[in-house]
Structure formats: C-alpha cells, structure tokens
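J.: The structure is given below, and queries will be raised subsequently.
None of the figures in this text is laboratory data; all of them are computed from the coordinates on show. Because the structure is predicted, anything quoted here is derived from the model rather than measured. Note: ideal-geometry Cβ built from the backbone for every residue, glycine included; neighbour counts use all protein chains shown.
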Amino acid sequence: MTASSFRSGGIAIPVYSTSENNSNIAGVWIGGIDFKIFDKDLQSLSLPSGERVVYTGYKGQKIADSDINKSKTPEAFATLNSFKNGRRYKDVSNISASQGIS
C-alpha cells in the first residue's frame, strides 16, 4: 500500500523469439491491475448485514474490501486461522467474526 492508498499489482511475462537452434527472450509483456476494480465488484454484492468479504494478497495484506467504509484502510489478515488454512489449501468455509474480521 502506498501513501496515496492506490493499490495495484503488476504482471510480467517473458516473450521468446524462436529460431531453429535456440530461443531467446525478445521482450517482456507487462500489465497492471488496479485493485479498486475489485473493491467495486465486492461492494456491489448483496451481503447480509454484518457480513464482509475481503480479498488479500499472498502475504495477508488487504487488496479489496466489500465494506466501502473500510476499503481504504490498510489491514493485514495473515494472523487469522482462515488465512493460514487457505495458504495450506485447507477448508476455509467456516470463517467467522470470532476470527477477527468485523
């Protein structure tokens, strides 16, 4: 998260040129993702009162939030059991407010 609270990510993919005997990197395709789009998608959900959906990065930092009032607030979820279980490919369907998400 930057000081301006602009959340984004980047993707880079090598592009190879091939010849008969070898392949060399000819360049790189680069793209960017503006995570505000994910905020808008989550905020369009019809969630029951008191429920919230949060997308996180692989280190547990929030990248999108269904709560418009909390969407610009930096948060980390790496200490939650549900996040740890998700990283271990375990069932995370029983997430509750008792795990720290309010």
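J.: Residue 88 to residue 8: FRET efficiency via 1/(1 + (r/R0)^6), r the Cβ-Cβ distance, R0 25 Å, to the nearest 0.05? Each step should come with its number before you reach the end.
T.: Numbers: r = 28 Å, r/R0 = 1.11.
It comes to 0.35.
J.: Moving to a separate point now. Need the full-extension length gain, residue 33 to residue 47, defined as separation in residues times 0.36 nm minus the C-alpha distance. One decimal, nm.
T.: Here the answer is 2.5 nm.
J.: Residue-wise, which Karplus ³J(HN,Hα) couplings in Hz belong to region 61-68, taking 6.51 cos²θ - 1.76 cosθ + 1.60, θ = phi - 60°, and x for glycine or proline?
T.: Each residue's phi maps through the Karplus curve to give 6, 5, 10, 7, 8, 6, 8, 4 Hz.
J.: Still on this structure, please answer the following. Would you mind getting me the FRET efficiency between residue 70 and residue 15? Use the beta-carbon distance for r and R0 = 30 Å, nearest 0.05.
T.: 0.15
J.: Can you return the lysines within cross-link range of residue 70? Criterion is Cα-Cα under 25 Å, with same-chain partners fewer than 8 residues away left out.
T.: Those lysines meeting the cut-off are 36, 40, 59, 62, 84.
J.: Also, I was wondering about something else. Skipping prolines and chain starts, which residues have an amide H placed within reach, meaning under 5 Å, of the one on residue 35, given they are 5 or more residues away or on another chain?
T.: Correct list: 7, 8, 9.
J.: Let me ask something additional. So who's got an amide H within less than 5 Å of the one on residue 64, skipping anything under 5 residues away but keeping other chains? H placed 1.01 Å off N, in plane.
T.: 55
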